[in-house]
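The block underneath contains the structure these notes are about, expressed in structure tokens.
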Amino acid sequence: MHKPYLSVTEDGPVAVVTLSRPEKRNAIDEASVNEIEAWFSNIPPHIRVVLMKAEGDHFCAGLDLREHHDKARSGVEFMRVCQGWHRAFDRIQHSGVPVVAVMQGAVVGGGLELASAAHVRVADASTYFALPEGTRGIFTGGGATVRTARIITPGRMVEMMLTGRVVDVHEGKAMGLCHYICDEAKGDKPAAELGMELARKIAGNAPLSNYAIVTGIHKIADMSATDGLYTEGLIMAMVQSGEDVQARLGDFVHKRAHKVTLES
């Protein structure tokens, strides 16, 4: 019997989605992809943010190469597998619900593709990144050429795939693969704790603003400048119609809202 890949709990408006295959470094097989697509296609309506984390020492080591080897799929069969990964990770990125990923250990191959679909990425000091497909005789198939390449630039992705080198957490942050680093040895709070703090903070935003941010910006990046500016105006007009806009603006006008400072 297949053990569920995802374990889901709730903390108020935050859904905590845990990758639960630590004995395989949370490698992703076909059944896992189907679980991811199914859950992110039906996020409960009361959930405003998803915190995605992983059991064990590693976030995700990518494609389950054992399954890939044993099934010896044809080109057409693996094309369909890739399309399944694309659908699942598109649901993460474009569902309209912000996703905060907490990472540790290996974020490799398909694991990096999974992390690249999240909107905010928090890394433990043990985190490292790699795209070893070139050394395995394969190619990325879970969206890295679109998502990851746009984060780090296509040239950097080509270099990582050709050499198979491992990028440590600090270089990864400089490249944009993570936004925060938590080094407990230096007195930082645990990555999971910071991830939850960020998730709760994001959950406090206006829902329509969050929806627009996580669905609109990446799509505008695919447009011409003229189309992008027009679309930005339309999104702003839609968000302005939100129920709590006037109340939030009133808090600012009447000095009840927090000020934007380096400490905030």
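Counting residues that are within 30 Å of G109 (Cβ to Cβ), which helices (runs of 4 or more DSSP H) fully inside the stretch 137-247 reach at least 3?
Values: elements: 147-152, 154-163, 169-175, 191-203, 207-221, 225-240.
Fully inside the stretch 137-247 and qualifying: 147-152, 154-163, 169-175, 191-203, 207-221.
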- Note on the structure: In the stretch 140-163, residues that are farther than 13 Å from A115 by Cβ, modelled with pLDDT of 95 or more and either of a type in the set (G, A, S) or loosely packed, with under 15 Cβ neighbours inside 10 Å (or both) total 8
- Counted residues in the stretch 182-224 being open to solvent by 40 Å² or more (accessible area, probe 1.4 Å) and either touching a strand residue (DSSP E or B) at 6+ places or on another chain (Cβ under 7 Å) or farther than 25 Å from G96 by Cβ (or both) come to 10
- Note on the structure: Taking first residues from the stretch 8-31 that are modelled with pLDDT under 95 and second residues anywhere that are open to solvent by 10 Å² or more (accessible area, probe 1.4 Å) and β-branched (V, I, T), the pairs with Cβ under 8 Å that are 6 or more apart or on different chains are E30/V81
- Task: Could you check M79 against (1) among the aliphatic types (A, V, I, L, M); (2) farther than 20 Å from I138 by Cα; (3) not in a loop (DSSP other than H, G, I, E, B) and say which number it fails?
- Result: (2)
- Would you check if G96 is open to solvent by less than 50 Å² (accessible area, probe 1.4 Å), in contact with a Cys (Cβ under 6 Å, 6 or more places away or on another chain) and at pLDDT 95 or above? no
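The values are calculated or read from the model by the stated rules, or taken from the named source; none is laboratory data. Given the structure is predicted, the values throughout are model-derived calculations rather than measurements. Quick reminder, even Gly has a Cβ in these numbers, built from the backbone with ideal geometry, and neighbours come from all protein chains shown. For accessibility, only protein heavy atoms count, side chains too; no ligands or nucleic acids. Shrake-Rupley method; radii C 1.70, N 1.55, O 1.52, S 1.80 Å.
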